[in-house]
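The values are calculated or read from the model by the stated rules, or taken from the named source; none is laboratory data. Every value quoted in this text rests on a predicted model; they were computed, and no experiment measured them. Positions of Cβ are generated from backbone atoms using ideal geometry, with glycine treated the same way; all protein chains shown enter the neighbour counts.
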Amino acid sequence: MKLTVEQFRNWQHKSITLLGMSGVGKTRLSCILRQADWFHYSGDYRIGTRYLDEPILDNIKLQAMQVPFLRDLLRSDSISIRNNLTIDHLKPVSSFLGKLGNPELGGLPLSEYKHRQRLHLAAEIAAMKDVPAFIEKAQSIYGYENFINDAGGSVCELDDDEVLEVLDRHTLIVYIQATHDDEQMLIERARSAPKPLFYREAFLEELLETYMTERELEYPSQIEPDDFVRWTFPRLFYSRIPRYEAIANRYGYTVTTDEIAQVNHADDFVELLADAIGRDR
């Protein structure tokens, strides 16, 4: 959605989609806006509570069944397991995605890993296509004036034109571009605390081939899961930048992490977007 500054300022029900890598400030900003009476739609929360709820629970139950005490209680229906996801606590989603590699080190076999990646891909596509319905609900049911779509870091990887067209038609797309210093901070954070990641399958195959050659490994089951994440993250990060930029250039606007860090209230955010629109024009 391309607007003039005047059109943006006069837009009664502002609906914004935030794009960018995990860690650039999307959720922090969304929480600030939520406190100012914006409806906060979290793509990852929708994925976990609607589209991957059952697979996540099945994975947890599978782990619990390895413990004899818990297995007996589950099989006798003496206990139940449920997700307790919140917008601020989404760990079950990333835990389900998992890491590739040696099962003895907590890794997943390649076939299962790819299966979960495909499930996440379908779930993220569906969650983004749900945005228009939630914009309507936010206004008609809950009475929110404005809407913020806190999209996952992998939205640029979906390769689904319909998703971008839906988001463009119903929201103003804003890409949060990491500064050089913040890029290095995000890469260092991934090295010190590697977390599960989503990869386009073709890109995963390229990474896997190169990694196994460099490490002189014969089978994916020999991969040390955290080492693979540390090795792939910078490559994934820099592969996503041109994808984000292409989306922003065609559909939306770009702001930097430094600019986002200065936002402490909804009014600050509105002024920042007005400036970004003015720069673009």
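Points worth noting:
- Failed criterion for Leu272 (all others in (1) in contact with a strand residue (DSSP E or B) (Cβ under 7 Å, 6 or more places away or on another chain); (2) touching a residue at least 24 places away in the same chain (Cβ under 8 Å); (3) under 19 Å from Lys14 (Cα atoms); (4) not small (Gly, Ala, Ser) hold): (2)
- Qualifying residues in the stretch 113-135 (those that are exposed (fewer than 14 other Cβ atoms within 10 Å of the Cβ) and without any contact (Cβ under 8 Å) to a residue 40 or more places away in the chain) - the one nearest to Gln222 (Cα to Cα): His115
- In the stretch 136-165, the residues that are among the hydrophobic types (A, V, I, L, M, F, W, C), under 18 Å from the mean Cα position of the chain (by Cα), part of a helix (DSSP H, G or I) and surrounded by fewer than 23 Cβ atoms within 10 Å (Cβ to Cβ): Val163, Leu164
- Selection status of Ala261, under 28 Å from Asp161 (Cβ atoms), among the small types (Gly, Ala, Ser) and in contact (Cβ under 8 Å) with a residue 60 or more places away in the chain: no
- Some residue of the stretch 237-250 being in contact with a helix residue (DSSP H, G or I) (Cβ under 7 Å, 6 or more places away or on another chain), polar (S, T, N, Q) and over 30 Å from Pro109 (Cα atoms): no
- Residue match in the stretch 70-85 (condition: under 30 Å from Leu273 (Cβ atoms) and out of contact with any Cys (no Cβ under 6 Å at 6 or more places or on another chain)): yes
- Among the residues making up the stretch 255-273, those that are of a type in the set (Val, Ile, Thr) and part of a helix (DSSP H, G or I) are Thr257, Ile260, Val270.
- Listed by position, the helices (runs of 4 or more DSSP H) inside the stretch 1-58 whose residues that are polar (S, T, N, Q) number at least 3 are 26-35.
- Taking the stretch 53-107 as the range and being loosely packed, with under 11 Cβ neighbours inside 10 Å, modelled with pLDDT of 90 or more and within 20 Å of the chain's Cα centre (by Cα) as the test, only Glu54 passes.
- Look at (1) of a type outside the set (Val, Ile, Thr); (2) closer than 30 Å to Gln117 by Cβ; (3) in contact with a helix residue (DSSP H, G or I) (Cβ under 6 Å, 6 or more places away or on another chain); (4) crowded, with 18+ Cβ neighbours inside 10 Å and you find that Tyr199 fails only one, number (3).
- When residues of the stretch 176-204 are limited to those that are touching a strand residue (DSSP E or B) at 6+ places or on another chain (Cβ under 9 Å) and hydrophobic (A, V, I, L, M, F, W, C), the one farthest from Trp231 (Cα to Cα): Ile176
- Residue among Ile60, Ile32 that alone is touching a residue at least 12 places away in the same chain (Cβ under 8 Å) and either touching a Cys at 6+ places or on another chain (Cβ under 9 Å) or more than 30 Å from Ser15 (Cβ to Cβ) (or both): Ile60
- The one condition in (1) more than 18 Å from the chain's Cα centre (by Cα); (2) of a type in the set (A, V, I, L, M, F, W, C); (3) under 25 Å from Asp150 (Cα atoms) that Leu110 fails to fulfil: (3)
- Residues that are surrounded by 18 or more Cβ atoms within 10 Å (Cβ to Cβ) and either out of contact with any Asp or Glu (no Cβ under 8 Å at 6 or more places or on another chain) or more than 19 Å from Asp182 (Cα to Cα) (or both), drawn from the stretch 232-252: Thr232, Phe233, Leu236, Tyr244, Ile247, Ala248, Tyr251, Gly252
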